[in-house]
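Laboratory data are not the source of any read-out in this text; all were calculated from the coordinates shown. Everything quoted here is computed from the prediction, not taken from an experiment. Positions of Cβ are backbone-derived with ideal geometry, glycine not excepted, and every protein chain shown enters the neighbour counts.
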Amino acid sequence: MENQILLSAGIDVGTTTTHLIISRIGIAVEGGFGTVPHAVITNKKIIYESKIYFTPLDESGNINGAKVAEIIKKEYAAAGFKKEDFDSGAVIITGESSKKENAKQVLADIAEYSGNFIAAQAGSQLESDLSGKGAGADKFSEQSGMVTANIDIGGGTTNISYFKDGDCVDDCCLNIGGRLVRFDKSGKATLTPEMERLCADNGITVKSISDFAETEKLCNAAADIIKNAVFSCGSVPGYCITDSLPCGKYVPEAVSFSGGVAECFADCGGCRADFGDIGYQLAAAIRKSSLSYPAKIINSASSPIRATVIGAGNFSMDISGSTIEYSNVELPIKNLECVSDFSRIGSEMCAVSLPGDNVPGFGDLVCIAKDIAKSCSQLIEKGLPVVVVTKADFSKALGICLRRVLPPGYPFICFDGVDCRRGNYIDIGAPVAGGKAVPVVVKTLVFGGKDNYENE
């Protein structure tokens, strides 16, 4: 068994707060005589947690990328690291922050500043998955055998993920969060359109911080929407961000909570608006509502607010599978769109995805290699690397076939063990474990609207 330790960072720029963690991730190459060696992640250990900062905004209300970079620089120095020290990681812009006009550019800038393989990621599906894993819902479902739902309530959104036997099997995202109703210094309330609609639907009027009873009604209505979504027991019209709600196939037997609002569960009594929003009142309403949940309530997260950033730092990365074949390709490569339809391969660099579980015969592999080379003709004309990722274990054989049909010495990489169907983009890091594997991050980006979800 060969071992390697990677240094990973997770950075979460949320609606309300920004923070990061630093972890060490162990990689091992396993396999003995007569078996195919394969790389696995053996352990993950958090070695540093930053302070929790308010997400800095500029005068126009957009993310202040320069101040976010200052936070990262400050915390790297406090931890005793510089960006060159990191092997992997993820920058996640979540909630309302992901909707800011400059979110995409800020992500790119922060990712470049943060380290060589810090991946910029966003998207409700990814956030649901990572927050659930960061909260420990995946482990609880695996150990208990119970379908477990994690409810991550932040400043701008509520992400719900369902785990069965350790795997994320369903998810959804709601327009419910603690910062969707804000109070200025004079106490005047500002509501998002979703909250205004929720008020109208329930005959509620919230104009100022003094309207405590009305705000309480609003938070109770929001808590009902979350309960209905989690258990598929009611309607949530107009409050779902994702295309659909869970259909009830996976009914949770256990529920965990995470996110900034969940952090307030232990201290959410009275009329409080410490942060100029409804976070504490929403926490009180959800905690009260959870008493009637038809499921076991678990406290799997030691720090609920850190669930997403823990997920980003420890669970965003996967390792390629048993085999890999590559030649003259420069890594890392970031933000490659996964394309499984060969007719969609154009002149822009992409990752050719073969998601099937079956292992083709040699004759079929030769044909697939020829089809890939033909479909990538525009890439080859521009001298761009050919990237192929397979779910099943046949990348080595396919890579050998590709080497024969591509121009001599042409740059390519072919690796297996990664399912790209849960995201639209991938990052590929520099080879690890003696060149036997590559770190891979599968990402779902929100930029560009619903078209990004076509192939999920």
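Cross-link partners for LYS249 among the lysines, with Cα-Cα distance under 30 Å and sequence neighbours closer than 8 places in the same chain left out: LYS133, LYS139, LYS164, LYS227, LYS288, LYS296, LYS391, LYS443, LYS450.
Model label points for TYR250 and SER186, set 7 angstrom from Cα along the Cα-to-Cβ axis, are 4.8 nm apart. Once the chain from ASP211 to VAL405 is taken as fully extended at 0.36 nm per residue, the excess over their C-alpha distance is 62.7 nm. Each residue of the range 284-289 was assigned a 3J(HN,Hα) from its phi angle through the Karplus expression (A = 6.51, B = -1.76, C = 1.60, θ = phi - 60°), giving 5, 5, 5, 4, 5, 4 Hz with x at Gly and Pro.
Site pair SER144 and LYS83 shows an inter-label distance of 4.2 nm when each label is modelled 7 Å from Cα along Cα→Cβ. The residues CYS168, CYS376, CYS401, CYS233, when put in order of fewest to most other Cβ atoms within 10 Å, stand as CYS233, CYS168, CYS401, CYS376. Listed from fewest to most Cβ neighbours within 10 Å, the set ASP171, ASP211 follows the order ASP211, ASP171. Extension gain, ALA200 to ASP357, is 51.6 nm, computed as 0.36 nm per intervening residue step minus the present C-alpha separation.
From most to least packed by mean Cβ count within 10 Å, the peptides 4-10, 278-284 give 278-284, 4-10. Amide H contacts under 5 Å for CYS240: ASN175, restricted to partners 5 or more places along the chain or on a different chain, H placed in the peptide plane at 1.01 Å from N.
Shown is the FRET efficiency for ARG24 and LYS73, computed with R0 = 22 Å from the Cβ-Cβ distance and rounded to the nearest 0.05: 0.55. Model label sites at GLU381 and SER292, defined 7 Å from Cα along the beta-carbon direction, differ in position by 6.4 nm.
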